[in-house]
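The values are calculated or read from the model by the stated rules, or taken from the named source; none is laboratory data. What you see is a predicted model, and the numbers here were worked out from it, not measured in a lab. Glycine also receives a Cβ, built like all others from the backbone with ideal geometry; neighbour counts cover every protein chain displayed. Calculation scope for accessible area: heavy atoms of the full protein, side chains included, ligands and nucleic acids excluded. Shrake-Rupley method; radii C 1.70, N 1.55, O 1.52, S 1.80 Å.
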Amino acid sequence: MILVIIIALRGRSMLNRALGSVWGVLLPGAILGGLTFADLSLDTWKAIIVSGLLVTSGMIWHKQLRHFVLLPSCVALVSGILVILMSLK
(Lines give C-alpha, C1' and ligand atoms only; values in the text may rest on other atoms or scores of the structure.)
Protein backbone atom coordinates (compact mmCIF):
# COMPACT_ATOMS: atom_id res chain seq x y z
CA MET A 1 0.00 0.00 0.00
CA ILE A 2 2.84 2.37 0.83
CA LEU A 3 4.45 1.66 -2.55
CA VAL A 4 1.21 2.58 -4.33
CA ILE A 5 1.06 5.90 -2.44
CA ILE A 6 4.71 6.70 -3.25
CA ILE A 7 4.19 5.91 -6.94
CA ALA A 8 1.08 8.09 -7.01
CA LEU A 9 2.98 10.98 -5.43
CA ARG A 10 6.15 10.62 -7.53
CA GLY A 11 4.47 9.93 -10.83
CA ARG A 12 4.98 7.21 -13.40
CA SER A 13 8.75 7.76 -13.69
CA MET A 14 9.36 5.87 -10.45
CA LEU A 15 7.31 2.95 -11.69
CA ASN A 16 9.36 2.78 -14.89
CA ARG A 17 12.62 2.73 -12.91
CA ALA A 18 11.37 -0.03 -10.62
CA LEU A 19 10.34 -2.23 -13.53
CA GLY A 20 13.54 -1.58 -15.47
CA SER A 21 15.57 -3.95 -13.30
CA VAL A 22 13.27 -6.94 -13.79
CA TRP A 23 15.35 -8.16 -16.74
CA GLY A 24 18.33 -8.46 -14.40
CA VAL A 25 16.44 -11.16 -12.50
CA LEU A 26 14.64 -12.85 -15.39
CA LEU A 27 17.66 -13.25 -17.66
CA PRO A 28 19.84 -15.16 -15.16
CA GLY A 29 16.80 -17.12 -14.03
CA ALA A 30 16.08 -18.21 -17.58
CA ILE A 31 19.71 -19.15 -18.26
CA LEU A 32 20.02 -21.14 -15.06
CA GLY A 33 16.62 -22.68 -15.65
CA GLY A 34 18.01 -24.05 -18.89
CA LEU A 35 21.14 -25.27 -17.12
CA THR A 36 19.05 -27.34 -14.72
CA PHE A 37 18.34 -29.72 -17.58
CA ALA A 38 22.10 -30.19 -18.20
CA ASP A 39 22.35 -32.41 -15.10
CA LEU A 40 25.32 -30.60 -13.54
CA SER A 41 26.91 -31.87 -10.33
CA LEU A 42 26.72 -30.06 -7.00
CA ASP A 43 30.37 -29.05 -7.28
CA THR A 44 29.70 -27.35 -10.60
CA TRP A 45 26.74 -25.47 -9.12
CA LYS A 46 28.89 -24.38 -6.19
CA ALA A 47 31.53 -23.11 -8.63
CA ILE A 48 28.83 -21.11 -10.43
CA ILE A 49 27.78 -19.59 -7.10
CA VAL A 50 31.35 -18.63 -6.21
CA SER A 51 32.02 -17.15 -9.64
CA GLY A 52 28.79 -15.14 -9.46
CA LEU A 53 29.77 -13.74 -6.08
CA LEU A 54 33.29 -12.88 -7.24
CA VAL A 55 32.06 -11.19 -10.40
CA THR A 56 29.51 -9.24 -8.35
CA SER A 57 32.17 -7.93 -6.00
CA GLY A 58 34.35 -6.95 -8.94
CA MET A 59 31.54 -5.21 -10.77
CA ILE A 60 30.61 -3.07 -7.78
CA TRP A 61 33.92 -1.19 -8.04
CA HIS A 62 33.83 -0.71 -11.84
CA LYS A 63 32.23 2.56 -12.97
CA GLN A 64 30.45 1.28 -16.08
CA LEU A 65 29.69 -2.28 -15.03
CA ARG A 66 28.21 -1.16 -11.71
CA HIS A 67 24.82 -0.73 -13.39
CA PHE A 68 24.67 -4.42 -14.32
CA VAL A 69 25.63 -5.84 -10.92
CA LEU A 70 22.21 -7.46 -10.59
CA LEU A 71 23.03 -10.05 -13.27
CA PRO A 72 25.82 -11.99 -11.50
CA SER A 73 24.27 -11.57 -8.08
CA CYS A 74 21.03 -13.13 -9.31
CA VAL A 75 23.04 -15.93 -10.91
CA ALA A 76 24.53 -16.65 -7.49
CA LEU A 77 21.12 -16.41 -5.80
CA VAL A 78 19.29 -18.67 -8.23
CA SER A 79 22.17 -21.15 -8.23
CA GLY A 80 22.11 -21.25 -4.45
CA ILE A 81 18.38 -21.95 -4.47
CA LEU A 82 18.91 -24.74 -7.00
CA VAL A 83 21.68 -26.29 -4.85
CA ILE A 84 19.39 -26.25 -1.84
CA LEU A 85 16.60 -27.88 -3.85
CA MET A 86 18.97 -30.50 -5.24
CA SER A 87 20.32 -31.37 -1.81
CA LEU A 88 16.80 -31.82 -0.43
CA LYS A 89 16.02 -34.58 -2.92
(message) Only one of 50, 55 is open to solvent by 40 Å² or more (accessible area, probe 1.4 Å), in a helix (DSSP H, G or I) and within 19 Å of residue 23 (Cα to Cα). Can you tell me which?
(response) 55
(request) Can you work out which of the residues in the stretch 63-89 that are at pLDDT below 85 and open to solvent by 80 Å² or more (accessible area, probe 1.4 Å) is nearest to residue 29 (Cα to Cα)? (result) 68
(message) Can you find, within the stretch 21-50, the residue that is nearest to residue 86 (Cα to Cα) among those that are of a type in the set (Ser, Thr, Tyr) and in contact (Cβ under 8 Å) with a residue 12 or more places away in the chain?
(response) 36
(message) Just to check your reading of the model, which residue among 19, 26, 9, 42 is open to solvent by 50 Å² or more (accessible area, probe 1.4 Å) and modelled with pLDDT of 85 or more?
(response) 42
